[in-house]
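Student: Below you will find the structure I want to go over with you.
Every number here is computed from the coordinates shown, using simple stated rules; none is lab data. Computed from a prediction, not measured in an experiment: that's the story for all the values here. Cβ sites come from the backbone with ideal geometry, for glycine too, and all protein chains shown count toward neighbours.
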């Protein structure tokens with residue numbers, strides 16, 4: 001079935017049967033924090049190129065790209081980087097700055113859909129304690145890598161990452177795996193597979209399996225990220 005139009009501030013999203021072969025489920029709607037939360041709670045995320053002719057597009061791909069944090073394996077070179085002391089990790093120290101850096105071109109993505117409206121709405125979710133960032137700093141105190149995403153219950157939904165120095169985003173990703181494994185998160189959502197994610201140990205599962213996991217774990221108690229944030233500017237690895 002073709003994707004359906006949804007109005008701004010929708011009360012619900014269409015049934016998954018309306019998704020096309022690429023996972024496009026609906027178009028329209030809005031980018032308010034309330035709509036974004038409704039989407040994530042139903043296994044849906046926005047992704048589109050903003051211009052005058054393109055509406056907001058909402059996706060629920062089948063298969064879904066995920067990673068089990070407990071099964072994350074660092075490469076020999078990454079382990080060497082983690083032990084070198086080159087980088088320092090912080091959590092929720094500069095969420096807005098990480099999003100703006102993720103909006104810049106990256107070597108493993110042709111373009112970015114992270115526009116000012118997206119940055120504003122996710123920043124509001126950050127203020128609500130739902131969206132979080134992990135930052136990587138070099139020895140000169142410069143922000144050189146990081147990632148951001150949402151935490152619902154015992155699930156983390158990764159959105160984007162960036163790196164301006166070799167391994168800087170991988171270090172942030174490794175720390176995300178470290179804390180999510182400690183919290184017993186079964187998976188971290190990576191949305192769509194790409195070479196960069198697959199090199200870090202991501203894999204794909206069916207949409208049905210993803211939605212079952214989502215229904216099971218999103219209502220469990222959410223960890224207190226402030227305990228992790230208290231370690232900012234300390235060397236983790």
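Student: Add -39500 (n - 2.57) for each DSSP H run of 4 or more in the chain, then divide by its residues: what number comes out at 222 nm, to the nearest 500 deg cm²/dmol?
Tutor: Mean residue ellipticity at 222 nm (helix-derived): -9000 deg cm²/dmol.
Student: For region 10-85, I need the span (max minus min coordinate) of the C-alpha atoms along each principal axis, in Å, sorted largest to smallest.
Tutor: Result, largest extent first: 48, 28, 24 Å.
Student: Under a crude label model (7 Å from the Cα following the beta-carbon direction), how far is residue 194 from residue 47 in nanometres?
Tutor: About 0.9 nm separates the two model spin labels.
Student: Can you put 224, 21 in order of Cβ neighbours within 10 angstrom, beginning with the fewest?
Tutor: Working: 224 10, 21 7.
By the 10 Å Cβ count, ascending: 21, 224.
Student: For the pair residue 68 and residue 226, how long in nm is the line joining their label points, each one 7 Å along Cα→Cβ?
Tutor: Rounded to a tenth, the inter-label distance reads 3.4 nm.
Student: Turning to a different aspect of this structure: Mind ranking 70-78, 169-177 by how tightly packed they are, going by the mean number of other C-beta atoms within 10 angstrom, highest first? All intermediate terms of the calculation are to be shown ahead of the outcome.
Tutor: Values: 70-78: 13.1, 169-177: 25.3.
Sorting 70-78, 169-177 by mean packing, highest first, produces 169-177, 70-78.
Student: Also, quick follow-up: Would you mind computing Rg(Cα) / (2.2 N^0.38 Å) for the chain, counting N as its residues? Before the final figure, lay out each step's value.
Tutor: Values: Rg = 17.3 Å, N = 237, 2.2 N^0.38 = 17.6 Å.
In units of the globular-protein estimate, the chain measures up at 0.98.
Student: Run through the DSSP bridge list for region 4-59 and note the antiparallel percent, rounded to the nearest 5.
Tutor: On the way: 6 of 9 bridges.
If I count the DSSP bridges inside region 4-59, around 65 percent turn out antiparallel.
Student: On a full-extension model of 0.36 nm per residue, what is the gain between residue 37 and residue 100, subtracting their alpha-carbon distance, rounded to one decimal in nm?
Tutor: Length difference between fully extended and current span is 20.6 nm.
Student: Order of 11, 80, 41 from fewest to most other C-beta atoms within 10 Å?
Tutor: Working: 11 8, 80 12, 41 15.
Ascending number of Cβ neighbours within 10 Å: 11, 80, 41.
Student: Assuming R0 = 25 Å, what is the FRET efficiency of residue 203 and residue 164, from their Cβ-Cβ distance, to the nearest 0.05? The partial results should precede the final answer.
Tutor: On the way: r = 28 Å, r/R0 = 1.11.
Once rounded, the FRET efficiency stands at 0.35.
Student: Separate question: Taking the number of other C-beta atoms within 10 Å as the exposure measure, put 180, 94 in order starting with the fewest. Before the final figure, lay out each step's value.
Tutor: Numbers: 180 24, 94 16.
With the fewest neighbours first, 180, 94 line up as 94, 180.
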